Amino acid sequence: MGFPEIRMRRLRRSATMRRMVRETSLRVDDLIYPLFVRAGQGLKKPIPSMTDCFHFSPDRMAEEAAEVAGLGIPAVLLFGLPAHKDEQGSEAWFEDGVVQQAIREIKKCTPDLLVVTDVCLCEYTSTGHCGVIKPALGPEGRSASGLRVGDGKVDNDATLELLAKMALSHAQAGADIVAPSDMMDGRVHAIRQALECNGFDDVAILSYAAKFASAFYGPFRDAAESAPAFGDRKSYQMDSANAREALREIELDIEEGADIVMVKPALSYLDIIRRARDRFDCPIAAYNVSGEYMMLNTAAEAGLLDRDTCMMEVLTSIKRAGADIILTYFAKKAARLL
């Protein structure tokens with residue numbers, strides 16, 4: 001049969017009808033809200049590069065967490081900006097580091113809100129890279145402290161121990177989920193071993209399993225003060241042209257002990273999300289990153305589109321592609337609409 005017996009518009013004729021037959025439903029439970037915590041007291045400072053986003057000092061995190069929890073959002077993701085940086089990023093695992101303090105403040109106020117922590121050295125190192133740099137023999141270049149850094153190669157294996165220390169310190173402070181975003185080979189295994197050996201077997205790992213070397217991270221790097229001091233991250237983050245490699249990365253992280261795997265960014269990589277959903281049974285997360293967020297905000301501020309409508313369309317597209325969890329700076333706005 002065809003037209004007129006079949007009229008596809010019958011099921012679109014009212015808002016209630018459309019809601020009843022809707023294939024993909026976005027829920028508040030799907031969202032994680034990223035937050036930036038930096039050293040200081042009484043701080044809630046707007047981030048110029050990211051609309052409606054702020055730097056919070058640890059003592060101001062409790063009130064923000066209470067608002068997030070009140071909206072029904074199940075989790076926050078914490079990024080840390082330390083008081084001081086060095087070539088190893090040593091403040092990343094300090095007991096009284098900014099993220100560790102923020103975790104404790106949040107858990108005192110909203111114990112049921114899940115706290116996810118970013119595990120990466122880029123915000124903590126003076127080089128801005130996600131791992132420690134191999135010393136070079138030649139005179140190609142020097143870091144601020146005089147270490148010769150050559151072509152900026154990151155030492156994968158030396159970085160693993162530091163990432164494990166960082167993740168363990170977050171677990172000790174009360175984190176529910178640790179989220180390695182560095183893209184070092186073997187880091188999920190190293191973190192899982194550190195957690196297991198220290199009695200934190202219930203702490204989950206959300207791995208940035210397929211994190212691409214993307215230009216869409218620009219506003220975040222300003223917000224997190226984490227731009228590389230030299231070179232780029234293309235030797236460890238993924239080539240944007242590769243899809244099969246992304247599935248290999250995801251599979252390896254699952255084998256190493258990841259409980260949730262992430263594709264980042266989301267919008268330019270919806271095909272990767274779909275492939276991952278079709279192949280793997282574990283929860284799939286996707287990060288609606290800062291550049292995607294600010295493209296929409298900038299267009300809305302110029303009067304070119306309706307922000308709320310486009311926001312919901314974007315988030316629904318990520319869910320439709322197969323993501324179970326969406327990390328987005330729109331989380332609070334979306335939660336209010338939902």
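Quick look at the numbers
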| item | result |
| --- | --- |
| In the stretch 177-211, the residues that are under 15 Å from the mean Cα position of the chain (by Cα) and not hydrophobic (A, V, I, L, M, F, W, C) | 180, 181, 182, 207, 208, 211 |
| Search result, residues across the stretch 8-26 that are closer than 30 Å to residue 79 by Cβ and exposed (fewer than 12 other Cβ atoms within 10 Å of the Cβ) | 24, 25 |
| Test: residue in the stretch 171-191 that is part of a helix (DSSP H, G or I), at pLDDT 95 or above, among the β-branched types (Val, Ile, Thr) and over 21 Å from residue 90 (Cβ atoms) | yes |
| Yes/no for residue 269 being surrounded by 15 or more Cβ atoms within 10 Å (Cβ to Cβ), in contact with a strand residue (DSSP E or B) (Cβ under 9 Å, 6 or more places away or on another chain), among the hydroxyl-bearing types (Ser, Thr, Tyr) and modelled with pLDDT of 95 or more | yes |
| Scope the stretch 37-51; condition aliphatic (A, V, I, L, M) and either outside any loop (DSSP other than H, G, I, E, B) or loosely packed, with under 10 Cβ neighbours inside 10 Å (or both); matching residues | 37 |
| Failed item, numbered, when residue 205 is tested on (1) under 26 Å from residue 110 (Cα atoms); (2) among the β-branched types (Val, Ile, Thr); (3) in a helix (DSSP H, G or I) | (3) |
| Which numbered condition residue 197 misses (of (1) loosely packed, with under 15 Cβ neighbours inside 10 Å; (2) hydrophobic (A, V, I, L, M, F, W, C); (3) farther than 21 Å from residue 169 by Cβ) | (3) |
| Residue within the stretch 29-36 that is of a type in the set (Asp, Glu), over 17 Å from the mean Cα position of the chain (by Cα) and assigned to a helix (DSSP H, G or I) present | no |
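The values are calculated or read from the model by the stated rules, or taken from the named source; none is laboratory data. Because the structure is a prediction, the values reported are computed rather than measured. Here the Cβ is made from the backbone with ideal geometry for all residues, glycine too, and neighbour counts use every protein chain on show.
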